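Notes follow once the structure below has been shown.
The values are calculated or read from the model by the stated rules, or taken from the named source; none is laboratory data. Here the structure is a predicted model, which means the values were calculated and not measured. Positions of Cβ are backbone-derived with ideal geometry, glycine not excepted, and every protein chain shown enters the neighbour counts.
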Amino acid sequence: MPAAFPSALLSSGRSLTLRGAGHSVDGQTVTDGELLVTYAPDTAAAQIRDVGEGLIETPAGMSWYELERYLNRHARAFPVLTDYLHLSVGGTLSVGGIGSNSVRYGMQVDHVERIQLTDGTGASRWCSRTDHPELFRFALGGLGTVGLIERAVLRTVPYHSNSHVHRAQHAALNELVEHTERIAQREDVDIYFASQRGSMLRSTTGWSGSDLQRCGDENCAIVARLPFKMHHEVTRMATQPSDHVRLWTDYLVPAGQLAPMVAAVEALQHRAPLNRGLSALYILIVRRPSDPTQFAFAPVGTAPVSIGLGVYTWIDRDPAAIAATRQVFRDLLARCCELGGRPYLYGVNDIDDSLAERLYGTDLDQLAKLRSSHRLEHINAHLPLVKATVPT
């Protein structure tokens, strides 16, 4: 559908599913009905506006790849980037946005000054922490449940082309967990990510800039344009065999709770089909700002520091194998919640009404009120969050 007429489409009353780049997980942006697509990375650069004091206004349909290139040319950068950049700005703001710099800067949504939001009446309004704060709190990380993000004003930081990184290999998963927890206690780290792929356990810790005095061993390197290098590596690894389906999800638990969350994965790792379908575990650290907005459905709760554990699988394209994998994910989600954590809603998460109530409490009632008052009943109505607000 044309990106030029979102207000007319949103106010039409026709059932719509909102979609950014279409990098869908678990069918969240797939529909048998109508789809509203606003992704237009090739034309969005002309619509970027510098509003001063390090703030940049961008269309939500722009890709992070093109936005970051634009910012770098103007000696600026966005504080947090995901490892795959051909996603829309509005799409990741609708789920939270987490990356290797989250160890210092939190989520992408923590760096949004305001958003232009269009509701089910076609009305468009600017929302921020002070103007329409409830819409702001529910839209960011809210999967498009309170309207379409059309534009966003983002806070940027000075651009450093180089990053100073230390890479380490770990002998066992528990060693990697302990290392991650130690990094989570520090406040001087700019970059952190870790993974398990097969028997390889690796972590990367880094700082912005190219301070050679930090380089004291052979595992240290000065890396130029690290976000783009990570993006190209992920893009190369994304190809999958046609007879497999990729299922993945991420769980975020408070710092100090990574060990029992990893233990839950290890306990299930030998269960078919995970015993042959697990492709990777991925770990990130998320440190929130000192005065964070408590976004209603974002993947972190009130903990000042959380640790994300991504579980990535390639499973035989077989209904029984897929069903068994989803059951593993349900068990892991239950353990995540027991540990005081939350799921990253972008992934494969089977959330029933009872679990939604446990995770989000009275925010579900507020979501129902917002959707009713802004005539949003026909938009993204298939999502579990929305279904949990409908009386049975």
Collect the residues in the stretch 362-382 that are surrounded by 18 or more Cβ atoms within 10 Å (Cβ to Cβ), touching a residue at least 40 places away in the same chain (Cβ under 8 Å) and out of contact with any Phe, Trp or Tyr (no Cβ under 8 Å at 6 or more places or on another chain), keeping them in residue-number order.
Arg371, His374, Leu376, Ile379, Asn380
From (1) in a helix (DSSP H, G or I); (2) closer than 20 Å to Gly96 by Cα; (3) touching a residue at least 40 places away in the same chain (Cβ under 8 Å), pick out the condition that doesn't hold for Leu359.
(3)
When you scan the stretch 300-310, do you find a residue that is assigned to a loop (DSSP other than H, G, I, E, B), under 19 Å from the mean Cα position of the chain (by Cα), within 19 Å of Asp350 (Cβ to Cβ) and touching a residue at least 60 places away in the same chain (Cβ under 8 Å), even just one?
no
I'd like to verify a number: residues in the stretch 259-284 that are farther than 17 Å from Asp318 by Cβ and either touching a Lys or Arg at 6+ places or on another chain (Cβ under 6 Å) or of a type in the set (A, V, I, L, M, F, W, C) (or both), how many?
12
Tell me yes or no: at least one residue of the stretch 317-333 is in a loop (DSSP other than H, G, I, E, B), within 30 Å of His244 (Cα to Cα) and charged (D, E, K, R).
yes
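Matching residues to (1) touching a His at 6+ places or on another chain (Cβ under 7 Å); (2) without any contact (Cβ under 8 Å) to a residue 12 or more places away in the chain; (3) among the acidic types (Asp, Glu):
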{"position": "Pro41", "(1), (2), (3)": "no, no, no"}
{"position": "Ala46", "(1), (2), (3)": "no, yes, no"}
{"position": "Glu53", "(1), (2), (3)": "no, yes, yes"}
{"position": "Gly61", "(1), (2), (3)": "no, no, no"}
{"position": "Tyr65", "(1), (2), (3)": "yes, no, no"}
{"position": "Arg73", "(1), (2), (3)": "no, yes, no"}
{"position": "Leu81", "(1), (2), (3)": "no, no, no"}
{"position": "Ile115", "(1), (2), (3)": "no, no, no"}
{"position": "Trp126", "(1), (2), (3)": "no, no, no"}
Give the residues of the stretch 184-205 that are more than 15 Å from Tyr282 (Cβ to Cβ) and of a type in the set (D, E, K, R), sorted by residue number.
Arg186, Glu187, Asp188, Asp190
Scan the stretch 255-278 and give yes if some residue there is charged (D, E, K, R), surrounded by 14 or more Cβ atoms within 10 Å (Cβ to Cβ) and outside any loop (DSSP other than H, G, I, E, B), otherwise no.
no
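Let's see how each residue does on (1) at pLDDT 90 or above; (2) buried (at least 22 other Cβ atoms within 10 Å of the Cβ); (3) assigned to a strand (DSSP E or B):
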| residue | (1), (2), (3) |
| --- | --- |
| Val153 | yes, no, yes |
| His164 | yes, yes, yes |
| Leu176 | yes, yes, no |
| Thr180 | yes, yes, no |
| Asp217 | no, no, no |
| Pro227 | yes, yes, no |
| His232 | no, no, no |
| Arg236 | no, no, no |
In contact (Cβ under 8 Å) with a residue 24 or more places away in the chain and part of a loop (DSSP other than H, G, I, E, B) - does that describe any residue in the stretch 192-202?
no
